[in-house]
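Enquirer: This structure is in structure tokens; I'll ask about it shortly.
The values are calculated or read from the model by the stated rules, or taken from the named source; none is laboratory data. In this text the structure is predicted, and so the values were computed from the model without any measurement. Cβ sites come from the backbone with ideal geometry, for glycine too, and all protein chains shown count toward neighbours. For the accessible areas, the whole protein counts, side chains as well, though only heavy atoms, and no ligand, DNA or RNA atoms are used. Shrake-Rupley method; radii C 1.70, N 1.55, O 1.52, S 1.80 Å.
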Protein chains: 2
Amino acid sequence: MTEAVQQPEPDVRSLTVGVFGGTGAQGKGLAYRWAKAGVKVVIGSRDAARAEAAAAELAQLTGGDVTGADNASCAASSDVVLVAVPWDAHAKTLEPLRDALAGKIVVDCVNPLGFDKKGPYALPVEEGSAAQQAEALLPESRVTAAFHHVSAVLLADPEVAEVDIDVLVLGDDRGATDTVRALADLVPGMRGVFGGRLRNAGQVEAFTANLIAINKRYKAHAGVRITDV
Amino acid sequence: MTEAVQQPEPDVRSLTVGVFGGTGAQGKGLAYRWAKAGVKVVIGSRDAARAEAAAAELAQLTGGDVTGADNASCAASSDVVLVAVPWDAHAKTLEPLRDALAGKIVVDCVNPLGFDKKGPYALPVEEGSAAQQAEALLPESRVTAAFHHVSAVLLADPEVAEVDIDVLVLGDDRGATDTVRALADLVPGMRGVFGGRLRNAGQVEAFTANLIAINKRYKAHAGVRITDV
């Protein structure tokens, strides 16, 4: 658990984190963990009323500062935005928010996967990955990719005190990846590890298909730890 | 470390394991570990003399049964063959050995990667992955994919008593993946974990680019462990 170069942790507790798709399992689970850690969270959704309902639930569960809004208002009031929408809503969610997300850190955790009778598999993505699609649609944002492998079931379970996983954080902007790593470190058990440039995000997204296959074989909620780091 | 279903371990110590590219770092490192564990190993190379020299060195180091041969003889005398050749030699090594490898377990550990001034990246592969290319070229073999992420440096270092890594084993043939998992389990510290069907091998191969980026950032020999399995 030692790093060759010790970096000062960015003061992420003062940031406001927006969560697009914060009414879905993955987004809501991460929002829950961040709110519990004392981070101000804005749940985003196409439907402001659904976002407000999910936010009220999380505020009550955690005692934290959680509000809800439509995606555009969520973007406007956040410093960092997690994109946790289904893959088929990815492009159409981000496209109209180019200006609202300019200058902000965007964290893409979307896994473009298909399922058939043989199980999960990686879908081809023209841009190379969901994260690279986000980068193409949001040229003025600081796009990173992270939180692909975290089990929504474990995140949502209040009995799970520590989430036993390394979060691979990818991106070409060192300040942005450091901030996102620090957001991962806020969750007990979780650790943010730099995972490479954004052009290497495709295989991290696709690897979620392998974890689903592992979960099925071993009846587990599998995650990844990086050794020797 | 519990599995939902306990499988009897195949008796892999009685198998002969061939290693194509056994004179290279990755192949030689794994051959060293298997020979040390008491497995009969045949080093394969285009050049029989180089294979014999590497085998003599490993036999002396380990006291094990290690011989060398050209790839065709190596294939003929092995039950399981590890393919550990450079990506640009992959197709041309396998193509002429279709008959010699019929019915045998083939373990592909090849990572199709490119490098430029920004570091490593995954190369596109027409068949989807090196392992799927092997499957296409060797339709009568039992093709699996494994050992992509093991550090050649750690494998070769006699001071490293335990190799701290999970080996993801992919394939559609349950008996073959069980055998390969057992071969991983023979190396102290190493654990074989089923990692999905062969169609999900591409992202496991490509993930080696991320591990190389992690190694550079953290000055590490990074590997992967799967949690909750």
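Enquirer: Among rounded, prolate and oblate, which fits chain B when a ≥ b ≥ c are the square roots of the eigenvalues of its C-alpha gyration tensor, a/c under 1.5 means rounded, and a/b larger than b/c means prolate?
Expert: rounded
Enquirer: Compute the label zone of B:ASP88 within the range B:96-133: residues whose backbone N is under 20 Å from the point 7 Å along Cα-to-Cβ.
Expert: B:96, B:109-127, B:129-131, B:133, by backbone N distance to the label point.
Enquirer: Let me ask something else. Place the peptides A:109-118, A:130-139 in order of packing, highest mean first, counting for every residue the other Cβ atoms within 10 Å and averaging per peptide. Can you show the working numbers first?
Expert: Values: A:109-118: 16.0, A:130-139: 21.7.
Peptide ranking by packing, descending: A:130-139, A:109-118.
Enquirer: Got a number for carbon plus sulfur as a percent of chain A's accessible area, 1.4 Å probe? Working shown, then result.
Expert: Details: 4640 of 9210 Å².
Here it works out to 50 percent.
Enquirer: Could you work out the Rg to Rh ratio of the range B:38-97, with Rh taken as the Kirkwood radius (inverse of the mean 1/r over all Cα pairs)? Provide the component values of the computation, followed by the final result.
Expert: Numbers: Rg = 11.6 Å, Rh = 11.8 Å.
When Rh is taken as the Kirkwood radius, the ratio is 0.98.
Enquirer: How many nm separate the modelled label positions at A:LYS118 and B:LYS118, each set 7 Å beyond the Cα in the direction of the Cβ?
Expert: 3.1 nm
Enquirer: Can I ask one more? Return the percentage of antiparallel bridges among DSSP beta bridges fully within the range A:12-218, rounded to the nearest 5 %.
Expert: On the way: 5 of 33 bridges.
For the range A:12-218, the DSSP antiparallel bridge percentage is about 15.
Enquirer: Cα centroid distance between the range B:69-103 and the range B:166-229, in Å?
Expert: 21 Å
Enquirer: If you project the alpha carbons of the range B:103-178 onto their three principal axes, what span does each projection cover, largest first, in Å?
Expert: Over the range B:103-178, Cα extents along the principal axes are 39, 35, 15 Å.
Enquirer: Semi-axes of the equivalent ellipsoid of the range B:1-102: what are they in whole Å, largest first, if each equals the square root of 5 times a C-alpha gyration tensor eigenvalue? Show your work: numbers first, answer last.
Expert: Numbers: eigenvalues 106, 63, 31 Å².
They are 23, 18, 12 Å, listed largest first.
Enquirer: To continue, here is another question. Putting +1 on Lys and Arg Cβ atoms and -1 on Asp and Glu Cβ atoms, find which of B:TYR121, B:ALA35, B:VAL110 reaches farthest to the positive end of the dipole of chain B.
Expert: The residue sitting farthest along the positive end of the dipole is B:TYR121.
Enquirer: Count, for each residue of A:29-35, the Cβ atoms from other chains sitting within 10 Å of its Cβ, then give me the mean as a whole number.
Expert: Details: counts 0, 0, 0, 0, 0, 0, 0.
For this peptide, the per-residue mean of nearby foreign Cβ atoms is 0.
Enquirer: Which value, in debye to the nearest 20, describes the size of the charge dipole of chain A about its Cα centre when Lys and Arg Cβ atoms bear +1, Asp and Glu Cβ atoms bear -1, and nothing else is charged?
Expert: Values: 22 positive and 29 negative charges, 112 e Å.
Here chain A has a charge dipole of around 540 debye.
Enquirer: Over the range B:12-218, how many pairs of lysines fall under 21 Å by alpha carbon, counting only those 8 or more apart in sequence or from different chains? It would help to have the intermediate numbers written out before the result.
Expert: Numbers: B:LYS28/B:LYS36; B:LYS28/B:LYS40; B:LYS28/B:LYS92; B:LYS28/B:LYS104; B:LYS40/B:LYS104; B:LYS92/B:LYS104; B:LYS117/B:LYS216; B:LYS118/B:LYS216.
Number of lysine pairs found: 8.
Enquirer: Relative contact order of chain B, please, whole-number percent, based on alpha carbon pairs below 8 angstrom and at least 6 residues apart. Present the calculation step by step, with values, prior to reporting the outcome.
Expert: Numbers: 503 pairs, mean separation 41.7, N = 229.
With pairs under 8 Å counted, the relative contact order is 18 percent.
Enquirer: Determine the equivalent ellipsoid of the protein assembly as shown by diagonalising the alpha-carbon gyration tensor, then write out the semi-axes as square roots of 5 times the eigenvalues, largest first, rounded to whole Å. Mind dumping the intermediate values first?
Expert: Details: eigenvalues 376, 84, 78 Å².
Semi-axis lengths for the protein assembly as shown are 43, 21, 20 Å.
Enquirer: Among A:LEU183, A:LEU123, A:LEU101, which one shows the highest mean-square fluctuation when chain A is modelled as a Gaussian network with alpha-carbon springs under 10 Å?
Expert: A:LEU123
Enquirer: Using helices alone, what [θ] at 222 nm do you get for chain B, with -39,500 (n - 2.57) per DSSP H run of 4 or more residues, divided over all residues and rounded to the nearest 500? Walk me through the intermediate numbers first.
Expert: On the way: 8 runs with 81 residues, N = 229.
One gets -10500 deg cm²/dmol as the mean residue ellipticity at 222 nm.
Enquirer: Report the trypsin sites (Lys or Arg not before Pro) located in the range B:70-112 that are in a DSSP loop and have at most 12 other Cβ atoms inside 10 Å of their Cβ, or state none.
Expert: Values: sites: B:LYS92, B:ARG98, B:LYS104; in loops: B:ARG98, B:LYS104.
When the trypsin sites (Lys or Arg not before Pro) of the range B:70-112 are filtered for loop state and at most 12 Cβ neighbours within 10 Å, nothing remains.
Enquirer: How many Å² of accessible surface get buried when B and A come together, counting both sides, probe radius 1.4 Å, rounded to the nearest 100? Intermediate values should be presented prior to the final figure.
Expert: Working: alone 11010 and 11030 Å², together 18400 Å².
The B and A chains share an interface burying roughly 3600 Å².
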